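*Asks:* Got a structure for you, questions after.
The values are calculated or read from the model by the stated rules, or taken from the named source; none is laboratory data. Here the structure is a predicted model, which is why all the values come from computation and not from measurement. Positions of Cβ are generated from backbone atoms using ideal geometry, with glycine treated the same way; all protein chains shown enter the neighbour counts.
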Amino acid sequence: MSIIPIDDIDRELIRTLQADGRTSYSQLGRVVGLSDAACRQRVMRLLDDGVLDIVAVTDPVKLGLGYQAMLGINVSGDTRKVAIDIGLLDDAVYVVMATGRFDLLVEVVSRDGDAFVDVSNTIRTMDEVQSVEVMSYLGITKQTYDWGVG
């Protein structure tokens, strides 16, 4: 993975879009002092380079996905392969290879406890999975997406 160079204008565009991903190119232009077309080109470059994704963030509970947990997983073989396999599961929404106590951290969002048991059992029975520790969410106090632009 290579680092994509960004300048202060790119950072301000990102900051503005993190606050409101629906900000128009003309509004962005006023913020950074560029034309609509120049802002569009910069935003498209950031999107194409994978620096930026513009998405709608949802509240899983309000969508009927009432069970959320973080799984700490240890594997006996190829951590990358297991991470990819788990990433193919619909309920696995975040998969991270880690150091320390666990090889993988996996966030799971399921409609209910029964659906969570199904996905948990699928993960537990994967060939190279040694152990799974479940940390159920009681509530989310903070969740932000405004990091990375200093």
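*Asks:* Across the stretch 118-150, which residue is surrounded by the fewest Cβ atoms within 10 Å (Cβ to Cβ) among those that are of a type in the set (Ser, Thr, Tyr) and within 16 Å of residue 88 (Cβ to Cβ)? If you could, list the steps in order and put the result at the bottom.
*Replies:* As a first pass, look at the stretch 118-150 and keep what is of a type in the set (Ser, Thr, Tyr): 120, 122, 125, 131, 136-137, 141, 144-145.
Narrowing further to those that are within 16 Å of residue 88 (Cβ to Cβ): 120, 122, 125.
On the way: 120: 19, 122: 15, 125: 8.
Filtering first and then ranking leaves 125.
*Asks:* Restricting to the stretch 50-86, what's the tally of residues that are under 27 Å from residue 3 (Cα atoms), within 17 Å of the chain's Cα centre (by Cα) and loosely packed, with under 13 Cβ neighbours inside 10 Å?
*Replies:* 7
*Asks:* I need the full set of residues from the stretch 117-150 which are touching a residue at least 60 places away in the same chain (Cβ under 8 Å), of a type outside the set (Val, Ile, Thr) and closer than 14 Å to residue 104 by Cα, in order please.
*Replies:* 133, 135
*Asks:* Please list, ordered by first then second residue, the pairs with beta carbon atoms under 8 Å, 6 or more apart or interchain, first in the stretch 80-107 and assigned by TED's automatic domain parsing to the domain that holds residue 131, second among the hydroxyl-bearing types (Ser, Thr, Tyr).
*Replies:* Note: pairs meeting the criteria are 89/122; 91/110; 97/79; 103/79; 104/79; 105/94; 106/94; 107/94.
*Asks:* Let me ask something additional. Check whether at least one residue in the stretch 62-76 is within 30 Å of residue 20 (Cα to Cα), touching a helix residue (DSSP H, G or I) at 6+ places or on another chain (Cβ under 9 Å) and β-branched (Val, Ile, Thr), and report yes or no.
*Replies:* no
*Asks:* Next question, about the same structure. Which members of the stretch 98-117 meet the condition of being surrounded by 14 or more Cβ atoms within 10 Å (Cβ to Cβ), under 25 Å from residue 59 (Cα atoms) and not basic (Lys, Arg)?
*Replies:* Selection gives 104, 105, 106, 107, 108, 109, 110, 115, 116.
*Asks:* Give just the number: which of (1) surrounded by 11 or more Cβ atoms within 10 Å (Cβ to Cβ); (2) modelled with pLDDT of 95 or more does residue 21 not satisfy?
*Replies:* (2)
*Asks:* Let me ask you something else. Scan the stretch 79-96 for residues that are out of contact with any Asp or Glu (no Cβ under 6 Å at 6 or more places or on another chain) and assigned to a helix (DSSP H, G or I) and jot them down.
*Replies:* Answer for the stretch 79-96, where residues must be out of contact with any Asp or Glu (no Cβ under 6 Å at 6 or more places or on another chain) and assigned to a helix (DSSP H, G or I): 80, 81, 83, 84, 85, 86, 87.
*Asks:* Something else now. Residues that are touching a residue at least 24 places away in the same chain (Cβ under 8 Å): list the helices (runs of 4 or more DSSP H) wholly contained in the stretch 1-70 that include at least 2 such residues. Step through it out loud before you land on a result.
*Replies:* Working: elements: 8-19, 25-32, 36-48.
By residue number, 8-19, 36-48.
*Asks:* Mind listing whichever residues of the stretch 97-148 are among the aromatic types (Phe, Trp, Tyr) and either in a strand (DSSP E or B) or more than 18 Å from the chain's Cα centre (by Cα) (or both)?
*Replies:* 102, 116 - these are the residues of the stretch 97-148 that are among the aromatic types (Phe, Trp, Tyr) and either in a strand (DSSP E or B) or more than 18 Å from the chain's Cα centre (by Cα) (or both).
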